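The values are calculated or read from the model by the stated rules, or taken from the named source; none is laboratory data. Remember, it's a predicted structure, so these values are computed and weren't measured experimentally. As a convention, Cβ positions derive from the backbone with ideal geometry for all residues, glycine included, and neighbour counts pool all protein chains shown.
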Amino acid sequence: MTEGKPTIDISKNGPLLVKGLKKLADAEGNPILMEKDIIALCRCGASENKPFCDGKHSKISFTGEVSPPSGAPAADQENHDAVEGEISYFEDGPLYIQGGVKLNNPDGSAPEDPAEYYLCRCGGSKNKPYCDGTHKELGFKG
Ligand code: FES
(Lines give C-alpha, C1' and ligand atoms only; values in the text may rest on other atoms or scores of the structure.)
Protein backbone atom coordinates (compact mmCIF):
# COMPACT_ATOMS: atom_id res chain seq x y z
CA MET A 1 0.00 0.00 0.00
CA THR A 2 1.22 3.49 -0.82
CA GLU A 3 2.46 5.47 2.22
CA GLY A 4 1.25 8.98 3.12
CA LYS A 5 -1.94 10.85 2.65
CA PRO A 6 -4.48 9.31 0.28
CA THR A 7 -5.19 11.28 -2.88
CA ILE A 8 -7.83 11.45 -5.56
CA ASP A 9 -6.84 12.48 -9.08
CA ILE A 10 -9.59 13.34 -11.50
CA SER A 11 -9.04 11.98 -14.97
CA LYS A 12 -10.43 14.40 -17.53
CA ASN A 13 -13.35 12.42 -18.92
CA GLY A 14 -12.86 9.27 -16.92
CA PRO A 15 -12.72 7.85 -13.41
CA LEU A 16 -11.41 9.09 -10.08
CA LEU A 17 -7.95 7.63 -9.52
CA VAL A 18 -7.46 6.96 -5.81
CA LYS A 19 -4.02 6.31 -4.33
CA GLY A 20 -3.04 5.24 -0.82
CA LEU A 21 -6.58 4.81 0.48
CA LYS A 22 -6.89 3.11 3.88
CA LYS A 23 -10.52 1.99 3.56
CA LEU A 24 -13.13 1.69 0.83
CA ALA A 25 -16.61 0.80 2.04
CA ASP A 26 -20.05 0.12 0.58
CA ALA A 27 -23.28 1.95 1.45
CA GLU A 28 -23.61 -0.05 4.69
CA GLY A 29 -20.03 0.62 5.74
CA ASN A 30 -18.76 -2.86 4.88
CA PRO A 31 -15.16 -2.83 3.65
CA ILE A 32 -14.59 -3.44 -0.05
CA LEU A 33 -11.42 -5.27 -0.99
CA MET A 34 -8.94 -3.09 -2.87
CA GLU A 35 -6.69 -5.32 -4.93
CA LYS A 36 -4.34 -2.53 -6.04
CA ASP A 37 -2.62 0.50 -4.52
CA ILE A 38 -4.31 2.67 -7.14
CA ILE A 39 -8.01 2.13 -7.75
CA ALA A 40 -10.27 3.70 -10.37
CA LEU A 41 -13.74 4.69 -9.15
CA CYS A 42 -16.59 5.31 -11.59
CA ARG A 43 -17.90 8.86 -11.88
CA CYS A 44 -19.86 8.53 -15.13
CA GLY A 45 -22.58 6.34 -13.60
CA ALA A 46 -22.43 3.68 -16.31
CA SER A 47 -20.03 1.11 -14.86
CA GLU A 48 -21.45 -2.35 -14.38
CA ASN A 49 -18.87 -2.91 -11.65
CA LYS A 50 -19.63 0.05 -9.35
CA PRO A 51 -18.02 1.58 -7.41
CA PHE A 52 -15.13 0.66 -9.73
CA CYS A 53 -14.61 1.93 -13.26
CA ASP A 54 -15.04 -0.64 -16.02
CA GLY A 55 -14.22 1.67 -18.94
CA LYS A 56 -17.84 2.47 -19.90
CA HIS A 57 -17.14 6.23 -19.72
CA SER A 58 -15.53 6.02 -23.16
CA LYS A 59 -18.53 4.19 -24.63
CA ILE A 60 -21.05 6.78 -23.38
CA SER A 61 -18.84 9.76 -24.30
CA PHE A 62 -18.82 10.94 -20.69
CA THR A 63 -17.57 14.45 -20.16
CA GLY A 64 -16.28 15.65 -16.81
CA GLU A 65 -16.37 19.27 -17.92
CA VAL A 66 -18.03 21.94 -15.81
CA SER A 67 -18.46 25.57 -16.71
CA PRO A 68 -17.68 27.58 -13.59
CA PRO A 69 -14.79 26.52 -11.36
CA SER A 70 -16.17 24.44 -8.52
CA GLY A 71 -15.21 24.32 -4.86
CA ALA A 72 -12.94 26.63 -2.91
CA PRO A 73 -9.29 27.54 -3.48
CA ALA A 74 -6.97 24.62 -2.77
CA ALA A 75 -5.22 26.28 0.16
CA ASP A 76 -6.45 24.46 3.26
CA GLN A 77 -6.33 20.80 2.25
CA GLU A 78 -3.25 20.05 4.32
CA ASN A 79 -4.77 20.33 7.82
CA HIS A 80 -6.29 16.86 8.22
CA ASP A 81 -3.31 14.55 8.54
CA ALA A 82 -4.44 13.06 11.88
CA VAL A 83 -7.41 11.17 10.42
CA GLU A 84 -7.13 8.21 8.10
CA GLY A 85 -8.68 8.56 4.69
CA GLU A 86 -11.80 6.64 3.81
CA ILE A 87 -14.19 6.51 0.88
CA SER A 88 -17.66 5.05 1.00
CA TYR A 89 -20.82 5.79 -0.96
CA PHE A 90 -24.49 6.34 -0.55
CA GLU A 91 -26.86 3.88 -2.19
CA ASP A 92 -28.00 5.52 -5.44
CA GLY A 93 -25.96 8.61 -4.51
CA PRO A 94 -22.50 10.12 -4.28
CA LEU A 95 -19.16 8.97 -2.98
CA TYR A 96 -18.56 10.12 0.59
CA ILE A 97 -14.96 11.16 1.22
CA GLN A 98 -13.70 11.63 4.76
CA GLY A 99 -10.55 11.75 6.79
CA GLY A 100 -8.46 14.14 4.75
CA VAL A 101 -8.28 12.47 1.34
CA LYS A 102 -6.61 15.12 -0.82
CA LEU A 103 -8.49 15.96 -4.01
CA ASN A 104 -6.23 16.92 -6.90
CA ASN A 105 -8.68 18.82 -9.07
CA PRO A 106 -7.24 19.98 -12.41
CA ASP A 107 -9.02 23.34 -12.03
CA GLY A 108 -7.04 24.00 -8.83
CA SER A 109 -10.06 24.14 -6.57
CA ALA A 110 -10.63 22.16 -3.40
CA PRO A 111 -13.71 21.03 -1.51
CA GLU A 112 -15.21 23.63 0.84
CA ASP A 113 -14.53 21.19 3.68
CA PRO A 114 -11.51 19.03 2.75
CA ALA A 115 -12.18 16.76 5.75
CA GLU A 116 -15.54 15.63 4.38
CA TYR A 117 -16.99 16.00 0.90
CA TYR A 118 -19.17 14.32 -1.69
CA LEU A 119 -18.16 13.41 -5.24
CA CYS A 120 -20.59 12.67 -8.05
CA ARG A 121 -20.72 9.11 -9.27
CA CYS A 122 -23.88 9.35 -11.37
CA GLY A 123 -22.23 11.44 -14.09
CA GLY A 124 -24.99 14.07 -14.09
CA SER A 125 -23.80 16.74 -11.66
CA LYS A 126 -23.56 20.26 -13.04
CA ASN A 127 -20.84 20.95 -10.48
CA LYS A 128 -18.42 18.09 -11.22
CA PRO A 129 -16.54 16.57 -9.56
CA TYR A 130 -18.90 17.36 -6.67
CA CYS A 131 -22.41 15.99 -6.13
CA ASP A 132 -25.14 18.60 -6.62
CA GLY A 133 -28.12 16.31 -5.99
CA THR A 134 -28.81 15.62 -9.68
CA HIS A 135 -28.63 11.86 -9.00
CA LYS A 136 -32.15 12.09 -7.54
CA GLU A 137 -33.57 13.70 -10.71
CA LEU A 138 -31.85 11.08 -12.85
CA GLY A 139 -33.06 8.18 -10.72
CA PHE A 140 -29.47 6.96 -10.51
CA LYS A 141 -29.10 3.38 -9.31
CA GLY A 142 -25.88 2.00 -8.01
S1 FES B 1 -24.03 11.49 -7.47
FE2 FES B 1 -24.11 12.68 -9.30
S3 FES B 1 -25.14 14.51 -8.65
FE4 FES B 1 -25.06 13.27 -6.85
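Annotations
- Strands (runs of 3 or more DSSP E) contained entirely in the stretch 1-50, each with at least 3 residues that are in contact (Cβ under 8 Å) with a residue 40 or more places away in the chain and surrounded by 17 or more Cβ atoms within 10 Å (Cβ to Cβ): 7-10
- Checked against the criterion of being at pLDDT 95 or above, in a loop (DSSP other than H, G, I, E, B) and either more than 8 Å from the ligand (Cβ to nearest atom) or among the charged types (D, E, K, R) (or both), the candidates Asp81, Asp92 yield just one match: Asp92.
- Lone qualifier among Lys141, Lys136 - being among the basic types (Lys, Arg) and not in a loop (DSSP other than H, G, I, E, B): Lys136
- Selection over the stretch 26-70 of residues that are over 15 Å from Glu91 (Cα atoms), modelled with pLDDT of 95 or more and touching a Phe, Trp or Tyr at 6+ places or on another chain (Cβ under 6 Å) gives a count of 1.
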